[in-house]
Amino acid sequence: MQTDTEIKYCQTCGIPLNIDYNNLGENISTEYCDYCLKHGVKGYDFSMDYLIYLWGLFPEEYYKEVGISYTSSEIRDIMSRRLPEIKRWKQKINTAHVLYELIVRIQEYINRHLFDELSLDTLSQAAGISKYHFRRVFKAVCGENVGLYIQRLRLEYIAFKLISTNISVTELLCQINYQNKHTLSRAFKSYFKCTIPEFRKRHSNADPAGIHPVQIVPCIEKIPTIRIVCLKLEWTEHINHDFTVLWKQILRLSENCNLQSNGCKYISLTLDCPLISSEEQIRFMVGITVPESFNVPNGFSVYEIEAGEYAVFQFKGLYHELNRVYRYIYLDWLPTSEYTLREPYTFETYLNTPEKTPVSELRTDIYIPIVRKNK
């Protein structure tokens, strides 16, 4: 029988290796777990602190890999004691988490300057690291190279403007400072597999068949700045699972800090339009509102939702029906309303949760940032 001193741990994440010592083959790794061998060693360069945080985020994955069930806090406690003894982390300078946060800041810079000159030189200088290092770290964090990332965000932004407003392509080109109409047409057709007129026709109304029409009269409200503690997710092949995992963390934070009973609200922000972006590339944040004095735990981020005027759509029903509501908002209500979109992100607040409410009674408020159209 294997003794405690003979237990081997993955040299990346520190979980116990499930090794059959009687049947070791020549090609079997005794250094890394199956998860890290596939996804960690070559693909990621996380810091020790961030790795501990990640395993705490996904306790179900830990159980599947090791066969031992721990809570998130137990996993983090065990990892915090175990990883400093792993040879990889004794030798490694703990810089990767800093680089991860750096790339997140560069993503925010790209969002603010989407149609400015965003060369590799410009972005790597803004990050303060070499072009080679920046390119490698950006792809590890975002799942695609920086050039394709920028091109995708630009084209999806343009597509959203085309279906949510009556703006002409010529007017849009003046606003976004794109190269020219022919370049845009070629890039658009290559990405969306159809021309701009075909794309607009395809999204000409929310419910062409008249099936289950949605009609919600919004309230127009001015709201102050909202401060939230949140977790961000992007580039995932398992969006439903990962979204659920993040929400469990937010719910646990709320319970531990008694937030909801003090009037705090659950919130999610969608950084992309679900009618346009592919599911695995949609970026979003989930979180809860907090007061200015709240002490943010390690691993969580703070985000401030911009003050301003919003159209608030109140919806009661299943979460998976929200896509129909968004189609109505963007394709029916917005083009014919007195308003156009402002740049801050759309967000949702949840007035109750599935844990305590029948799914048919779930209440969601959708906030659309707006400004009156020029007459």
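A few notes on this one:
- Potential extension, CYS194-ASN145 segment - 0.36 nm per residue separation minus Cα distance: 15.2 nm
- Normalised per residue, the accessible area of segment 292-340 is 52 Å², obtained with a 1.4 Å probe and no contribution from ligands, DNA or RNA.
- If you take all other residues with their beta carbon under 12 Å from the beta carbon of TYR367, and give Lys and Arg +1 and Asp and Glu -1, the sum is -2.
- Summing Lys and Arg as +1 and Asp and Glu as -1 over all other residues whose Cβ lies under 13 Å from the Cβ of LEU148 gives a net charge of +2.
- Label-point separation, THR165 to HIS182 (7 Å along Cα→Cβ), nm: 2.6 nm
- Here segment 101-174 has 51 percent of its accessible surface on carbon and sulfur atoms, given a 1.4 Å probe and all protein chains in place.
- Summed residue charge, Cβ within 10 Å of ILE228's Cβ, Lys/Arg positive, Asp/Glu negative: +1
- Distance violations [Cα-Cα > 30 Å] among LYS248/LYS373; LYS139/LYS161; LYS161/LYS316; LYS131/LYS265; LYS139/LYS248; LYS201/LYS356: LYS248/LYS373; LYS131/LYS265; LYS201/LYS356
The values are calculated or read from the model by the stated rules, or taken from the named source; none is laboratory data. Here the structure is a predicted model, which means the values were calculated and not measured. Don't worry about glycine lacking a Cβ; one is built from the backbone with ideal geometry, like all the others, and counts go over all protein chains shown. In case anyone asks, the SASA skips ligands and DNA or RNA and just uses the protein heavy atoms, side chains included. Shrake-Rupley method; radii C 1.70, N 1.55, O 1.52, S 1.80 Å.
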